[in-house]
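> One structure, pasted below without further comment.
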Amino acid sequence: MVFAEVVKQGSFTDAAKQLGISKSAVSQQIKSLEADMDIRVLNRTTRGVSTTALGEKLLSRCHILKDQVDLVLKDIANAEENPKGRFAITLPHSLESHLVMPAIEQLCAEYPDIEPELIVSDKKLDLIENNLDVAIHAGELSDSSYRALPIGTVTEIFCASPLYLNRNITPCKLSDLAQLKWISTSWQKRNMPIYNILSKEKTLIELTQFSKVNNFTSALSMALRHLGIVLLPDNVAKPLIKSGELIHIMKEFTGPIWPLHTVHAYQREKPIHLTRFHQLVCNYFNDL
């Protein structure tokens with residue numbers, strides 16, 4: 001945890017003050033850590049410190065461990081029983097495989113008596129009406145008595161398979177997009193608002209709709225079969241862009257940007273496993 005505090009404060013001196021120990025003690029802890037792991041985790045300059053690539057990976061794990069320690073202490077202080085039974089979650093398709101599933105796997109390892117029930121749907125489901133504990137909500141929040149915990153933002157980006165682009169054109173300007181077949185979801189409209197990352201301007205363009213599906217999973221499957229271009233959430237697209245299965249086109253433009261929240265109905269103290277689930281979701285989201 002000393003390492004994480006040094007990164008957070010940006011200097012050994014400030015970290016020592018925050019931790020209530022001497023600067024030399026902090027320095028010795030970091031030296032011991034690097035010696036034990038046989039790697040360098042910090043870059044040291046006269047202006048402060050920054051993490052190395054390996055240090056960044058270690059920091060991500062430190063955050064997860066710190067959350068676990070904090071929750072254990074809270075669990076002991078509140079003398080809570082080990083949570084058990086049904087834990088019902090609703091979430092959109094685009095957040096299933098790379099975000100919620102890893103979080104559920106870790107949650108079940110920490111709380112083995114939890115019985116997760118997942119409802120994967122792009123429809124907004126009311127928590128009370130559907131007897132749900134939590135919802136992962138993408139989009140603007142409606143006014144309600146529910147509590148919302150922020151996770152981050154999801155941006156829709158234009159993608160296509162390399163083969164589809166080879167058979168057609170690689171767009172260089174917005175007007176080129178109209179020459180390509182667009183695989184849309186039911187909530188994406190033919191007249192699509194597009195945002196310029198650099199100028200922050202919004203432009204309304206008309207795309208050539210080739211097919212319409214009711215979820216991102218189907219849109220992605222069609223794109224991977226070289227049937228057209230698609231607007232995908234960046235958390236879904238990034239692994240496929242990295243693997244070369246998709247190409248990110250028109251990088252200076254994006255589709256809608258959606259805020260992401262964990263929504264629950266508890267007005268006072270939340271169950272410890274719900275708090276932990278939200279922490280895990282945030283950690284995995286930040287690692288995408």
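> Suppose R0 equals 22 Å. What FRET efficiency, 1/(1 + (r/R0)^6) with r the Cβ-Cβ distance, do ALA109 and ARG61 give to the nearest 0.05? Walk me through the intermediate numbers first.
Working: r = 15 Å, r/R0 = 0.68.
FRET efficiency, ALA109 to ARG61: 0.90.
> Within straight cross-link reach of LYS57, meaning Cα distance under 12 Å, which aspartates and glutamates are found once same-chain residues fewer than 8 apart are removed?
Partners within reach: ASP287.
> Right, another one. Cβ under 14 Å from GLN179's Cβ, GLN179 left aside: what net charge do those residues give with Lys, Arg +1 and Asp, Glu -1?
My count for the surroundings of GLN179 gives +1.
> Assuming R0 = 45 Å, can you tell me the calculated FRET efficiency for the pair SER243 and ARG47, based on Cβ-Cβ distance, to the nearest 0.05?
On the way: r = 37 Å, r/R0 = 0.83.
Calculated transfer efficiency: 0.75.
> Return the single residue from ASP143, ASP234, ASP67 with maximal mean-square fluctuation; model: Gaussian network over the chain, springs between Cα atoms under 10 Å.
ASP143
> Now for a separate question. Between region 93-121 and region 1-23, what is the separation of their alpha carbon centroids in Å?
The two parts, judged by their Cα centres, are 34 Å apart.
> Pairs to check: LYS8/LYS202; LYS123/LYS173; LYS8/LYS238. Give those whose C-alpha atoms are more than 30 Å from each other in this structure.
On the way: LYS8/LYS202 36 Å; LYS123/LYS173 33 Å; LYS8/LYS238 27 Å.
As for pairs spanning more than 30 Å Cα to Cα, those are LYS8/LYS202; LYS123/LYS173.
> Report, for the chain, the % of DSSP beta bridges that are antiparallel, rounded to 5.
Numbers: 30 of 46 bridges.
Among the beta bridges of the chain, antiparallel pairing accounts for roughly 65 percent.
> Here is a follow-up. Could you calculate the contour length gain from VAL120 to ASP38, that is, 0.36 nm times the residue separation minus the distance between their Cα atoms, to one decimal place in nm? Each step should come with its number before you reach the end.
Values: separation 82, 0.36 × 82 = 29.52 nm, distance 4.38 nm.
Between VAL120 and ASP38, full extension yields 25.1 nm more.
> What net charge do the residues around SER144 carry, taking every other residue with its C-beta under 13 Å from that of SER144, with Lys and Arg at +1 and Asp and Glu at -1?
Numbers: positive: LYS124, ARG147; negative: ASP126, GLU129, GLU140, ASP143.
For residues surrounding SER144, the net value is -2.
A short reminder: the numbers here are calculations on the coordinates, not readings from a lab. None of the values given here were measured: they were computed from a predicted structure. Positions of Cβ are backbone-derived with ideal geometry, glycine not excepted, and every protein chain shown enters the neighbour counts.
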